[in-house]
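Report on the following structure.
The values are calculated or read from the model by the stated rules, or taken from the named source; none is laboratory data. Keep in mind that this is a model prediction, so the values were computed, not measured. Virtual Cβ from ideal backbone geometry, glycine too; neighbours counted across all protein chains shown. To get the accessible areas, we keep the full protein, side chains included, count just its heavy atoms, and leave off ligands, DNA and RNA. Shrake-Rupley method; radii C 1.70, N 1.55, O 1.52, S 1.80 Å.
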Amino acid sequence: MSHPSATTAPCRVAVVDDDDAVRRALGRLLRVTGHQVRTYASAEEFLGAAPSEVDCLVLDVYLGGMNGYELHSLLTTVGQAPPTVFVTAHDDFEVGLSPRADGECLRKPFDDDRLLGAIARACTKVQ
């Protein structure tokens, strides 16, 4: 398995996922591939931290409380939505997300290389 990010410039990635195991695994993967990463258990936690420098947002669609769509919509409204990679394990995924001009969409479980490729593409939009 090659990791595309290992050959691209690292970027600042925020991961918002309510599944603790997924959040930890994504954080480890992104750190190992050279990215700066911050993880959040909810949309509300992300908003409370108010991270100012995020090159890419990896955003679970179905979160407890505010969902990923709502968070992305709010960030877009205030002009602070970074390029986004949406992720979900739910079957109705394509109904709400495909296609999206504002971000790539991955269904869990996804291959590490697919995620890293999506993040690399997102990060090139801000560099």
Worksheet item: How much accessible area per residue does segment 1-87 have, in Å², with a 1.4 Å probe?
Response: 48 Å²
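So, counting K/R as plus one and D/E as minus one, what does the shell of residues with Cβ under 13 Å around Arg23 add up to?
Values: positive: Arg24, Arg28, Arg31, Arg38, Lys108; negative: Asp17, Asp18, Asp19, Asp20, Glu45, Asp60.
Value of the local net charge: -1.
So what's the net charge close to Cys56: Lys and Arg +1, Asp and Glu -1, counting the other residues with Cβ under 12 Å from its Cβ? If you can, show how the numbers build up before the last one.
Numbers: positive: Arg12, Arg38, Arg121, Lys125; negative: Glu53, Asp55, Glu104.
For residues surrounding Cys56, the net value is +1.
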Worksheet entry | Under-5 Å amide H pairs with Ser42, H placed in peptide plane, nonlocal only | Asp17
